[in-house]
1. Could you give the length gained on full extension between Leu18 and Ser157, defined as 0.36 nm per residue of separation minus the Cα-Cα distance, in nm?
2. Suppose each label sits 7 Å from its Cα in the direction of the beta carbon; what would the Asn122-Ile208 distance come out to in nanometres?
3. Quick check: pseudo-label points 7 Å beyond the Cα along Cα→Cβ at Lys198 and Thr26, how many nm apart are they?
4. What GluC sites (Glu not before Pro) does the range 104-142 have in DSSP loop regions with at most 15 other beta carbons within 10 Å?
5. Starting from 0.36 nm per residue, how many nanometres of slack lie between Asn167 and Ile136 once their C-alpha separation is accounted for?
6. As an exercise, use a Förster radius of 25 Å and the Cβ-Cβ distance of Arg143 and Arg60 to find the FRET efficiency, rounded to the nearest 0.05.
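Every number in this text was worked out from the coordinates using simple rules, so none of it is lab data. The shown structure was predicted, so the numbers you read here are calculated from the model rather than taken from an experiment. Heads up, the Cβs are rebuilt from the backbone with ideal geometry, glycines too, and the neighbour counts pull from every protein chain shown.
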Amino acid sequence: MPQLAKNLRKNSLTGFTLVELIISVTIFSVAATAIYSVFSNGVAAWRRGNSNKKYARNIRITSEKMARDLRNTFEFNDIPFDAESDFMMFPGLILARTEKKGKEEVKDYYQVGKITYFYNQNKKALCKEERSFLEIASESDKRKIGEGEVLIEQVKSAEFEYCYLDNATGDYEWKDDWKEDEQDSIPQAVKMKLTFEKEIQPESFEKIVFIPIGTGEQKKELGKVEIERAVPEEGQGEPAEADTRPGAAGQKKRAGEVEIHLKK
C-alpha cells in the first residue's frame, strides 16, 4: 500500500521542465514572427501596388481631362492663350454651379472662363484653377494664379512646351513659352512632361495634345529679305529671279546670280 501511494505521487509530479518550456516558447515565437513577417510584407506589397495603380490611373485621367480642355479651347480676345514652361492659361467653358433657392429648380450651366494648369512648387503638385470671366474682368494682373485644385501630388517637376509654325523657315518648332506679341492665336500642340517623386514605373510621363483650332505661327518680325539682282553680262540674258517660297530663299529660277541679305 505505501509503495502504491509512492508511485501515484511520483506520476502526479511528471511534466515539462523550465528549460523545455523556454525552448518551446522560443521555437513558437520564431515561427510566429516568420509567419507574421511574410504576411506583413505581402500585405504591404499589395497596398503599395494598389496605391501605384491608383496613382498611375489618376495621371492618365488628369492628362485626358487636360487634353479635353485644350481641344475645346477657343479664341477670346479678353482671355488670350498665355503660357510659360510651368503654367498655361487659356479660355474655355467652365461649369457654373448654382444654389437651389426654395422650391425653384435651378440647373447648372456653362460659362466662359479662364482655365489654368500650373505646377505648385510648394505643394509639389500639378494643379488646376477655373475662374469665370466676371471674376477676372476687373483684374489688372492677367497672370494672377490662386491656390487651385491639386490634381497630381508628389510631382518633382512639370514642364510645358508649345508647337508653332516658324514662318521664316517653314518648320514646326517647340518653345517653352507662349506670348501674344510673338505668336498668333493658339499653339498647334502642347507637350506636357511630368517627373515624379513617388516610386512608380515609369518615373516620368509625357503627352502631346494637338489643338484642332490651333493656328499658332511665329508672327514676330524676324527680318526682311532684300534681293539684289546682279547685272548680267552680254549673252547671259535677263538677271535671275529669286524663288520666294518659304525655305527656298536664294534658289535660282533662271541663269544669273541672286544675292540675299537679311535685314534686322
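1. Fully extending the segment from Leu18 to Ser157 adds 43.8 nm.
2. Calculated label separation equals 3.6 nm.
3. It is 4.6 nm.
4. Glu104, Glu105, Glu139
5. Values: separation 31, 0.36 × 31 = 11.16 nm, distance 3.34 nm.
That works out to 7.8 nm of additional length.
6. Details: r = 29 Å, r/R0 = 1.17.
Rounded to the nearest 0.05, the efficiency is 0.30.
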